[in-house]
Amino acid sequence: MTEHIKIENAQDTLTLTFARPDKKNALTNVMYGALADAIVTAETDRAARAIVIRGEGDMFTAGNDVGEFAAVATDAFQGERHVARFVQALARSTRPLVAAVQGRAVGIGTTMLLHCDFVLLAENAQLSTPFVNLALVPEAASTLLMPMRVGYARAYEMFAFGETVDAKTALELGIANRVVPLERLHAEAAAVARRLAKLPAGSLAATKRLMRNPEVLAAQIGAENASFAERLKTEEAREAFTAFAERRPPDFMKFAR
Ligand code: COA
């Protein structure tokens, strides 16, 4: 458990809150571990008939902690990486997943939305997937789910340029269900979760399984993880992480291909 993930259970809903607002809710290994455990535990928790995922502060999440990316790249980080467990837990969850997004959702902050069944965006939401900017590859089965959702052309632009998609556009592209005023975001998400919690859970789970094939997603995640691990060790990625730490733009042109 970590103080950076809040876990609350009320009114048949499990609410998971990223609570590291001073670092824009950047997700650490420990946070992924707590999230994975909570989502897996919810599978057999009768009081968790729906799950809400949300963030404290002015943004949903700035994505993976870039300092931890750098530590993994240089082998400074040892031990189990929980991000894979988190992604698998999301992909395999039979519970209705509701996301409430304000401000930025960067990287995994956006790709996790593709696993959510109901996505609410505040009017100020901004989604982006700058994996290539960090010399990495997209993850969480997003290389499959994003083109399926928004079409190859748009998905390629989002991935290659890391371009930001605003709430209205995300709604039009089918990434989200609703755009609501910021002040109503969390209340609306709780209301959607309560509504879902009242539905026949077995039927909802079976419907979800028919709509999303967890085995296909797991295979894609495996392929992405292999490529991601390889990319993390490249000189391109080292340049990207160093540039982030030094608050300067990266220079990828110096590397031959
Ligand atoms: N990993 C680690 N720390 C992060 C972070 C991340 N992904 N995102 C933000 N932070 C930290 C900043 O380093 C800063 O820490 P400091 O106060 O100790 O200097 C703090 O959070 C506030 O961030 P800041 O950049 O000042 O906020 P901002 O509102 O100006 O910008 C972002 C917000 C999200 C646009 C910017 O922080 C950013 O681009 N972050 C990196 C996003 C990213 O590439 N994620 C990985 C995607 S695969």
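The modelled label-to-label distance between Ala223 and Arg184, using points 7 Å beyond Cα along the C-beta direction, is 4.1 nm. Rolled with a 1.4 Å probe across the full set of protein chains, the surface gives Asp117 an accessible area near 50 Å².
Ranking Glu183, Glu172, Glu188 from most to least accessible surface, computed with a 1.4 Å probe over the protein chains only, gives Glu183, Glu172, Glu188. Here Arg154 and Asp22 are evaluated by their C-beta separation; at R0 = 35 Å the FRET efficiency comes out at 0.55. Can you list the DSSP H helices in the chain whose Cα atoms extend at least 24 Å along the helix axis and whose mean Kyte-Doolittle hydropathy is -0.5 or higher? Helices meeting the span and hydropathy rule in the chain are 214-232.
The lysines within cross-link reach of Lys208, meaning a Cα-to-Cα straight distance under 27 Å and a gap of 8 or more places when in the same chain, are Lys6, Lys168, Lys198. Thr242 contributes about 50 Å² of solvent-accessible surface, heavy atoms of the protein only, 1.4 Å probe. Taking every protein chain into account, the 1.4 Å probe leaves Phe159 with about 20 Å² of accessible area, to the nearest ten. Averaging the Cα positions of each part gives two centres, and for segment 130-180 and segment 1-80 these lie 21 Å apart. The sum of -39500 (n - 2.57) across all DSSP H runs of n ≥ 4, divided by the residue count of the chain, sets its helix-only mean residue ellipticity at 222 nm to -13500 deg cm²/dmol.
Kindly work out what percent of the DSSP beta bridges joining two residues of the chain are antiparallel, to the nearest 5. Antiparallel bridges make up about 25 percent of those DSSP assigns within the chain. With contacts taken as Cα pairs under 8 Å at a separation of at least 6 residues, segment 3-148 carries a relative contact order of 22 percent.
Sorted largest first, the principal axis extents computed over the alpha-carbon atoms of segment 117-257 equal 56, 37, 27 Å.
Placing Val165, Val106 in order of accessible area, with the largest value first and a 1.4 Å probe, yields Val106, Val165.
The values are calculated or read from the model by the stated rules, or taken from the named source; none is laboratory data. All figures in this text were calculated on a predicted structure; none of them were measured in a lab. Cβ coordinates were reconstructed from backbone atoms using ideal geometry, including for glycine residues, and neighbour counts include every protein chain displayed. Please note that ligands, DNA and RNA were not included when accessible areas were found on the heavy atoms of the full protein model with its side chains. Shrake-Rupley method; radii C 1.70, N 1.55, O 1.52, S 1.80 Å.
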